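Report on the structure given below.
The values are calculated or read from the model by the stated rules, or taken from the named source; none is laboratory data. Source: prediction; values computed, not measured. Cβ coordinates were reconstructed from backbone atoms using ideal geometry, including for glycine residues, and neighbour counts include every protein chain displayed. The accessibility values were calculated without ligands, DNA or RNA, using every heavy atom of the protein model including side chains. Shrake-Rupley method; radii C 1.70, N 1.55, O 1.52, S 1.80 Å.
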Amino acid sequence: MKDDLPLLDDIIAALQTLREKMANAGSEPEPEPSDADEDDLIDTWTAASRFNLPVDTIRWLCREKGMGRKDGGRWLVSVKALRHYLDSRSP
């Protein structure tokens, strides 16, 4: 049983390192896409997750408000346009 102590110490150290990484991961903001036009476009699922909106709403905004474009049958959303639209609607 004493032979297992070094292994247990290694496991505990690895868990502490993992815990520190997880605790620090939330403090750093997620990088936004750069200002380049191609980098500004994200898929509807990513946009829905990032902006906490239903995917159908994202598709509607692309179709009706011109906030994206179709690529291979799928909508790609402009992050800048969506952010501007949501900021303008905030009180």
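Of note:
- Pairs, first closer than 15 Å to Ala47 by Cα in segment 69-91, second among the basic types (Lys, Arg), C-beta under 6 Å, six or more apart: Trp75/Arg59; Leu76/Arg69
- Yes/no for Thr57 being open to solvent by less than 100 Å² (accessible area, probe 1.4 Å), within 13 Å of the chain's Cα centre (by Cα), under 21 Å from Lys80 (Cβ atoms) and at pLDDT 80 or above: no
- Selection of segment 64-91 for residues being part of a strand (DSSP E or B) and surrounded by 15 or more Cβ atoms within 10 Å (Cβ to Cβ) yields Gly68, Trp75, Leu76, Val77, Ser78.
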